[in-house]
Amino acid sequence: MGLDAWLTLAVVLGVLVALVGNRVSPAVVMFSGAVAVLVLGIVPADEAFSGFSNAAPLTVAALYVLAAGIEKTGALTPLMQATLGERGTYRLPLLRVLTPTMGASAFLNNTPIVAMLIPQLTTWANRRGVAVSKLLMPVSFAAVFGGLLTVIGTSTNLVVSGQMSALGLDELGFFEIGKVGLPIALIGFVLLVGLAPILLPDRRSARDEVEKEGRRFSFEMIVEPGGPIDGRTVEGARLRGLSGLYLASVDRGDTVIAPARPDTVLRGGNRLHFVGPTDRVLDLQEMRGLRSAELTHVLDLDQPTVAYFEAVVGPRSPLVGRTLKSVGFRATYQAAVLAIHRSGQLVENRLGTERIRLGDTLVLASDPAFRDRWRDRADFLLVAELDGKPPVTSRRAWIPIGILLAVVVLAATGIVPILQGSLLGAIALVATRVLTPLEARRAVDLEVIVVIASAFGLAAAMQGSGLADAIAGGMVNLFGALGPHGVLLGLVFATVVLTELITNNAAALLMLPIAVNAAASTGVDPRGAAIAVAVAASASFLSPIGYQTNMMVYGPGGYRFTDYARFGWVFTLLVIVGTVLLVPLFWVG
């Protein structure tokens, strides 16, 4: 290898180490890698930042907006509600819910699909006495399988398609990846229904843990007329910053103030709704000017002024690695953390000094508008109400459904390319006021877009410096004795490993030039090798980190990290074997 290849290798290894370490945002890491190969003179500026003008990131951004329109209007709610039903104890309802999940994920970003299902499945499972851990991971995996059916099924498929043109190959046809993905998805579907009861453990969700522990209560106190608190503000009455307690609302009789703010003035007869542990009730009862309303209850999900939520901490959250106290959680989010659900157990002691980890599920008490304020922010990967109520279906739900169908049909028939169709669809949602411009902007995950665009620069450096050719030669020497199937096995296995360690989009773009070069020297069709990488990068089953929907169900399902490998190894093996066997059947070198 030449100097440029060695320098590129050093940059790529540095990027991989930083991504695996998970201490810095993936977008920052990938963009820094693109800048590094530019500054080192390995590639010119137009190649280092070619991803920012590529169709793939723009298409992904537009599809995020389309998915947001469907989520906001609740367009899929009637379908998903009808799937569970009341007949059957486990396998039949699971079969019914996995079918539309997989089908919808072939055409939509699967994040809002899974986000919509989590509270509904949790409520259904609690009502039927079924462990929710038996349902949520299969739903996430079904969404992953659905992404293998079309070019818009996952962002990974789109970025592979976009990079293929840069490598001298035609872009993917709309259903082309389904030649491999459909057989794998169908077999995976059968295995999900058959193996979930056997391989998935019974775990208690965050909601179950809080309710069954019974130590977290909401209760009311009344401000005594003419007492020392009457006429004072919440802060002046020293009802702010109480250890373990949260003043959720102030009921004046004619109006309710929720959440209560520091400058809220308290008046005699006001009913103050607190949330916290029972051992703190006595402290309030001893406070002059307050008397008990003698109303206590565990997580009253019907309380109109207080709502309870599960909020999953994602990889881009500013909370990761920090304590609730250091971020001023109550003031910043206008909510109280009742408990932290981590690896299937509650963390309740000294919550203010507990460092938040990736994947933690925070059990929160706040006002009912909390979800609307924070569901589209990077702070939380998922915000779901504990009452399990699905989003209300809007009368305008037909608009995003109709736009999506038009985009799919036009792209599948080749009349309008997917980029132009998805951009027009996103604009139409704003023009018809289904989404506001702010909602459309928030729907786009800029972190993912920057990762995708920056990875194009690293892929170009690997190709131009000769590093991809050198690594491909090493793989051919290692697996070449096993023939084309052996080379494919090496490529797919390496992609699967990278996907579990770093983002799936970055894994695909880093492996793609290696795969195309390896295919060219072994008789494997380069197009088939590229599709093998796309399938392997899109299928993540071994950890909650590898795929976003896996992380979303981690806390609500009460899972432990090892549960994913325990259940997911079967599906990982299916993807590896299925891809190696099917690709040569459709793409012959």
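Where a number appears in this text, it was derived from the coordinates with a stated rule and is not lab data. The structure displayed is predicted, hence computed values, not measured ones. For neighbour counting, all protein chains shown are included, and Cβ atoms are generated from backbone atoms with ideal geometry for every residue, glycine included.
Starting from the Cα of Leu3, step 7 Å toward the Cβ, then list every residue of segment 427-470 with an amide N under 19 Å from that point. Answer for segment 427-470: 461-468.
To the nearest ten degrees, helix 3-21 and the longest principal axis of the Cα atoms of the chain are 30 degrees apart.
For the pair segment 1-27 and segment 430-468, the centres of their Cα atoms are 20 angstrom apart.
With the convex hull of the Cα atoms taken as the outline of the chain, the averaged projected area works out to 27.3 nm². Counting Lys and Arg as +1 and Asp and Glu as -1 over every other residue whose Cβ lies under 13 Å from the Cβ of Leu38, the net charge comes to -3. Angle check, please: helix 418-431 long axis (alpha carbons) against the longest principal axis of the chain (alpha carbons), in degrees 0 to 90, nearest 10. That helix lies at roughly 20 degrees to the long axis.
Summary value for the chain: 22 percent relative contact order, contacts being C-alpha pairs under 8 angstrom separated by 6+ residues.
Once the Cα atoms are used to define both axes, helix 26-39 deviates from the longest principal axis of the chain by about 40 degrees.
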